[in-house]
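The block underneath contains the structure these notes are about, expressed in structure tokens.
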Amino acid sequence: MTAVSRIEFPADKWPAEFVHILDQLAGQGAWLVGGAVLDLLRGRHPGDLDAVANVRAQDLHTLGGTPIGGRHDTHAWRSAGFVLEISPLRGNSLHEDLLSRDLSIHAIAAAWDDGQVIDPAGGLTALTRHELRLTDQTGRTFAEDPFRIIRVFRRVADGFSIGADVHNAIIDHSHALDSQPPERLGPELEKLLVGQRAGHALRVLRTYTLAWESVLGRWRVADAAISWSLASNIVALAGRKPGIRFAALMRALGVDRTSARTILQNWAVPQGTRKKAEDLIASIDELSNLSINEPGLLRAWHARFGTNVADSLSLWRAVGYDQSQRQVDSDRLSSAIQTAARVPYPARPADMDLSGDELFAIVNIEPRRRADFLNRLWLWVLTDPEIRNNSDAIADRARSLSEEPG
């Protein structure tokens with residue numbers, strides 16, 4: 001076990017509570033591990049921190065940690081949007097702990113007291129090569145927890161290639177994914193989808209038939225309607241937010257909003273992300289009924305579904321359908337997006353032949369309902385751009401909408 005370098009911890013960027021807890025544990029032995037160390041070695045600022053300490057689970061509980069379950073007695077602290085997770089050492093030493101991990105890049109530790117890097121499995125070499133290698137040659141960690149296979153593809157999405165030993169372990173153990181609870185998939189897939197190279201990772205995943213069938217095939221998500229290569233490209237084009245990427249994946253595979261809701265619930269995708277994905281899928285459905293070249297479309301889309309304009313732009317760019325052909329037309333879509341992006345939001349009645357004051361002189365709308373009223377009117381106008389210059393038709397439609405409940 002050789003120390004090859006040291007890491008300077010940006011402790012001033014982490015919650016003081018976390019630093020204080022790790023300081024208290026340093027005397028007994030405390031090390032940052034896993035993704036936090038990997039991020040620091042790659043020049044990134046880790047959001048959440050993972051650590052191990054030479055203590056008992058009871059000691060972590062005494063320090064105010066909340067048990068999060070699992071077989072490693074991990075305890076968590078939360079502060080200012082960050083999470084610190086600390087586990088007692090697995091086995092009898094740090095060396096034994098690190099060698100019990102799945103990939104060599106995850107088996108690197110950095111001592112909290114002085115930043116010394118400990119690398120018993122050649123993780124630094126693998127990191128330099130951007131290659132995923134096992135901590136041992138048996139693949140036993142995949143047998144112990146098959147979901148570590150999904151974490152491999154998370155790292156592929158982060159720019160790593162799959163080494164020969166990892167390749168063989170995936171083939172040998174993918175069948176065990178079938179017996180895993182579906183609710184574990186959502187959090188893992190979410191981390192994969194927000195990776196820099198998520199589209200590439202999905203294409204690689206598709207080449208491992210058993211893994212693919214266990215992850216997506218078991219939910220009857222078929223790739224017949226749109227090729228899996230195109231689906232992967234769509235995810236890659238969509239903005240790097242979980243809701244957008246889940247929506248892009250579901251819609252690219254031809255999954256409607258109802259089916260997507262069922263799948264994402266089964267996967268235990270967090271409620272906020274799931275709701276975002278469902279709303280964006282509904283946005284795409286709405287898009288298929290409107291003119292793709294209409295400059296005001298994004299504003300109406302945003303108003304109708306409450307989605308962020310940038311998110312709508314991102315997903316539209318990724319998934320947008322040609323109105324007549326119902327297929328991706330990237331050149332036409334890019335032009336429409338650029339046009340729409342130049343039109344400020346929110347949509348103003350001044351974009352139509354009647355101003356807001358003139359509209360509300362015609363119909364009596366409560367102030368709290370006016371924004372929704374204008375959004376619904378604008379959506380109707382979009383169905384026929386010529387209507388915007390027909391004040392009589394707009395006035396008639398405004399009167400009709402004002403009489404509708406809500």
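The values are calculated or read from the model by the stated rules, or taken from the named source; none is laboratory data. Just so it is clear, the structure is predicted and the values come from calculations on it, not from any experiment. Don't worry about glycine lacking a Cβ; one is built from the backbone with ideal geometry, like all the others, and counts go over all protein chains shown. Note: areas computed on protein heavy atoms with side chains; ligands, DNA, RNA excluded. Shrake-Rupley method; radii C 1.70, N 1.55, O 1.52, S 1.80 Å.
What the table shows:
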| quantity | calculated |
| --- | --- |
| The stretch 45-66, residues that are assigned to a helix (DSSP H, G or I) and of a type in the set (Asp, Glu) | Asp59 |
| Pair list, Cβ < 6 Å and 6+ apart or interchain, from the stretch 2-15 residues that are more than 24 Å from Leu99 (Cα to Cα) to residues that are exposed (fewer than 11 other Cβ atoms within 10 Å of the Cβ) and at pLDDT below 90 | Pro15/Ala80 |
| Residue list for the stretch 162-189, filter: farther than 22 Å from Gln265 by Cα and outside any helix (DSSP H, G or I) | Ile162, Gly163 |
| Yes/no for Leu60 being among the hydrophobic types (A, V, I, L, M, F, W, C) and open to solvent by 50 Å² or more (accessible area, probe 1.4 Å) | no |
| Residues within the stretch 3-44 that are open to solvent by 90 Å² or more (accessible area, probe 1.4 Å) and not in a helix (DSSP H, G or I), tallied | 4 |
| Single residue of Ala121, Ala198 found to be of a type in the set (A, V, I, L, M, F, W, C) and more than 24 Å from Val55 (Cα to Cα) | Ala198 |
| Test for Ser104: is it surrounded by 14 or more Cβ atoms within 10 Å (Cβ to Cβ), of a type outside the set (A, V, I, L, M) and modelled with pLDDT of 95 or more | yes |
| Residue within the stretch 143-161 that is surrounded by fewer than 21 Cβ atoms within 10 Å (Cβ to Cβ), more than 24 Å from the chain's Cα centre (by Cα), part of a helix (DSSP H, G or I) and not acidic (Asp, Glu) present | yes |
| Residue in the stretch 29-45 that is touching a Pro at 6+ places or on another chain (Cβ under 6 Å) and of a type outside the set (A, V, I, L, M) present | yes |
| Single residue of Ala51, Ala26 found to be touching a residue at least 60 places away in the same chain (Cβ under 8 Å), over 25 Å from Arg148 (Cβ atoms) and aliphatic (A, V, I, L, M) | Ala26 |
| Leading residue by the ranking (farthest from Ile149 (Cα to Cα)) among those in the stretch 81-122 that are assigned to a loop (DSSP other than H, G, I, E, B) and of a type in the set (Gly, Ala, Ser) | Gly115 |
| Cβ-Cβ under 6 Å pairs, at least 6 apart or on other chains, the stretch 383-406 side closer than 14 Å to Asn364 by Cβ, far side assigned to a helix (DSSP H, G or I) and at pLDDT below 60 | none |
| Filter pass, Ala53 being of a type in the set (A, V, I, L, M), within 22 Å of Gly91 (Cα to Cα) and modelled with pLDDT under 90 | no |
| Of the criteria (1) touching a strand residue (DSSP E or B) at 6+ places or on another chain (Cβ under 7 Å); (2) open to solvent by 40 Å² or more (accessible area, probe 1.4 Å); (3) in a strand (DSSP E or B), which one Arg78 fails | (1) |
| Selected residue (criterion: nearest to Leu202 (Cα to Cα)) from residues of the stretch 123-142 that are of a type outside the set (Gly, Ala, Ser), assigned to a loop (DSSP other than H, G, I, E, B) and open to solvent by less than 40 Å² (accessible area, probe 1.4 Å) | Thr135 |
| Residue in the stretch 108-122 that is surrounded by fewer than 18 Cβ atoms within 10 Å (Cβ to Cβ) and polar (S, T, N, Q) present | yes |
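Residue-by-condition table, conditions (1) out of contact with any strand residue (DSSP E or B) (no Cβ under 7 Å at 6 or more places or on another chain); (2) open to solvent by 10 Å² or more (accessible area, probe 1.4 Å); (3) part of a helix (DSSP H, G or I); (4) at pLDDT 80 or above:
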{"residue": "Ala247", "(1), (2), (3), (4)": "yes, no, yes, yes"}
{"residue": "Ile263", "(1), (2), (3), (4)": "yes, yes, yes, yes"}
{"residue": "Val269", "(1), (2), (3), (4)": "yes, no, no, yes"}
{"residue": "Lys275", "(1), (2), (3), (4)": "yes, yes, yes, yes"}
{"residue": "Ile281", "(1), (2), (3), (4)": "yes, no, yes, no"}
